[in-house]
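Chemist: Below you will find the structure I want to go over with you.
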Amino acid sequence: MLLLKKSGVVSLTAAVSGALAWAAIEKPPSAHQTLMQMANFLARTPRWSVTVHTSYDAVQRDGSKVEWNGVRTVTLSRPDRLRVESQRSDGARTLVVFNGKEITTFDETSKVYAKESHPGTVDDAVVYFVRDLGMRLPLALLLMERLPAELQQRVQSVEYVEKATAFDTPARHIVGKTSTVDFQLWITEGDRPVPLRAVLTYKNAPGQPQFRAQFTDWNFDIQPPDSLFTFTPGPGVKQIPFAAALTKVMPRQGQAERKGGSQ
Amino acid sequence: MNRLRCAAPCAVGLAAIIFGPVIEYAPARGGGGFHGGGGLSHGGGFSREGPAAGGSFASRPGGMAGREGSFQASRQQFMSGAQASRQEYGSKGQASRQEEANALQSNREQAAKAMQSSAQQYRRPYPYAASAWDAGAGVAAAATGAAIGAATAASVASAATGAAYAASMPCASPVAVPVGGTNFYRCGGAWYTQAYGPAGPAFVAVPPPVY
């Protein structure tokens, strides 16, 4: 009888333990937590580099889409160093460098570069480059220390899809929405939650084009030299203004002329 | 010299008339070749431009008027798929999602306050909520059109601006005129300078240089 009772208790305990274990296994990870873990990790990591293979849709006039590809190597050293090397699918190469004081972009094909002074952090430079100079810096948000706050502000909803095993390392696939962009992210599990893939859908734009990015070669143990963030123009390379800064160039010429002219 | 000054408004206006209809951001497909040089394609090529080119986590709202119906259908598909998947999670998942939504909302409010307080470090008021700072990032027409508009505002009507923007030299034999460290190029009666825009270096119509 006693044996039976003991046996019953053991069975009950096993059943409860099993149920709890099942519940623990089946409960999906929090999508919001996954997103914010990635954001906090990227924002707090002082130095990292990554290679990003990108593609995006350009909707043509007849409604058809053409996909354009490129590859970027990003090197970030907080608080104020950034280098982004890009190569388009047609081979055209460009560079964006920020050294804490100036932000420079260089087009190898045209042998021209544009440079603007903007002392500050990478966050400052990125906002200045994208917003004020109207330049492109895909996935610029991921470079910022303010990434967690930016995501908190923008993301309206986020849901967990599944555990993805299609990458070298297990990843959490999440989907989210901002007011203008639907996004999907595949974020590594573990203590270094970084994106492995991102898909952005511009849901309000005609044709709902997408931007896609595949992240490889994440490296957090880099010691980039200062020279990596310095741009030295080679022979025959000339400086031109940023298009958005033309207004600064043109009035100066007028002033120079009024004072006697330059030529 | 005087003739140059007098010709200023006419020259830039003419440039807009000449290049306006020809140089566009998304030309109709025709030639069958892929020409993406400089970011803007010319006759027969394919456009590289569009909101996805910037790879931003935000884009300008609007632009889909009258197309909501088709998206409604896909949203419903998404929602029904999500509903099915949610049912698997059970009631615990429901509670967890509610907590998550509440946390998200609360965090958003906190973030908004935090960002509000740091807004003054930027040159312009920090834009958030409806339009993020990277909304419309790298849209060639917007950024360069604005630059051209600003540059020519003193001499021509705004109607003459916006499309006079070319990836390559707009004419075969331009006259190069360096002024104050900047090269200007005269193509007939129009003047250009090379500037770095979101789609790469481009020749932008400008008022005639004063030299």
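Throughout, read-outs are computed from the coordinates displayed, never taken from laboratory work. Remember, predicted model here, so these are calculated numbers, not experimental data. Positions of Cβ are generated from backbone atoms using ideal geometry, with glycine treated the same way; all protein chains shown enter the neighbour counts.
Chemist: If you plug each phi of the stretch A:182-199 into the Karplus form 6.51 cos²θ - 1.76 cosθ + 1.60 with θ = phi - 60°, what whole-Hz ³J(HN,Hα) values come out, in order, with x for Gly and Pro?
Modeler: My calculation for the stretch A:182-199 gives 9, 10, 10, 9, 10, 10, 4, 7, x, 7, 10, x, 10, x, 9, 8, 9, 10 Hz in order.
Chemist: If you don't mind, another one. List the pairs from A:K101/A:K238; A:K115/A:K238; A:K27/A:K177 whose alpha-carbon separation is above 18 Å, in the order I gave them. Could you put the intermediate results ahead of the total?
Modeler: Details: A:K101/A:K238 20 Å; A:K115/A:K238 11 Å; A:K27/A:K177 22 Å.
Result: A:K101/A:K238; A:K27/A:K177 exceed 18 Å.
Chemist: Per residue of A:60-72, what is the mean number of Cβ atoms on other protein chains within 10 angstrom of that residue's Cβ? Please report the intermediate quantities before stating the final value.
Modeler: Numbers: counts 10, 8, 3, 0, 2, 3, 9, 1, 10, 0, 1, 0, 1.
Taking all residues of A:60-72 together, the mean is 4.
Chemist: Further question on the same structure: Compute the semi-axes of the equivalent ellipsoid of the stretch A:83-202, taking the square root of 5 times each eigenvalue of the Cα gyration tensor, and list them largest first in whole Å. Mind dumping the intermediate values first?
Modeler: Details: eigenvalues 180, 65, 37 Å².
Largest first, the stretch A:83-202 gives 30, 18, 14 Å.
Chemist: Which value, in nm² and rounded to one decimal, describes the direction-averaged projected area of the C-alpha convex hull of the stretch A:30-240? If you can, show how the numbers build up before the last one.
Modeler: Values: hull surface 50.2 nm².
Orientation-averaged projected area of the Cα hull: 12.5 nm².
Chemist: Another one. Order the peptides A:41-48, B:47-54 from the highest to the lowest mean number of other Cβ atoms within 10 Å of their residues. Write out the running numbers ahead of the final one.
Modeler: Numbers: A:41-48: 16.4, B:47-54: 27.1.
Answer by packing, highest mean first, reads B:47-54, A:41-48.
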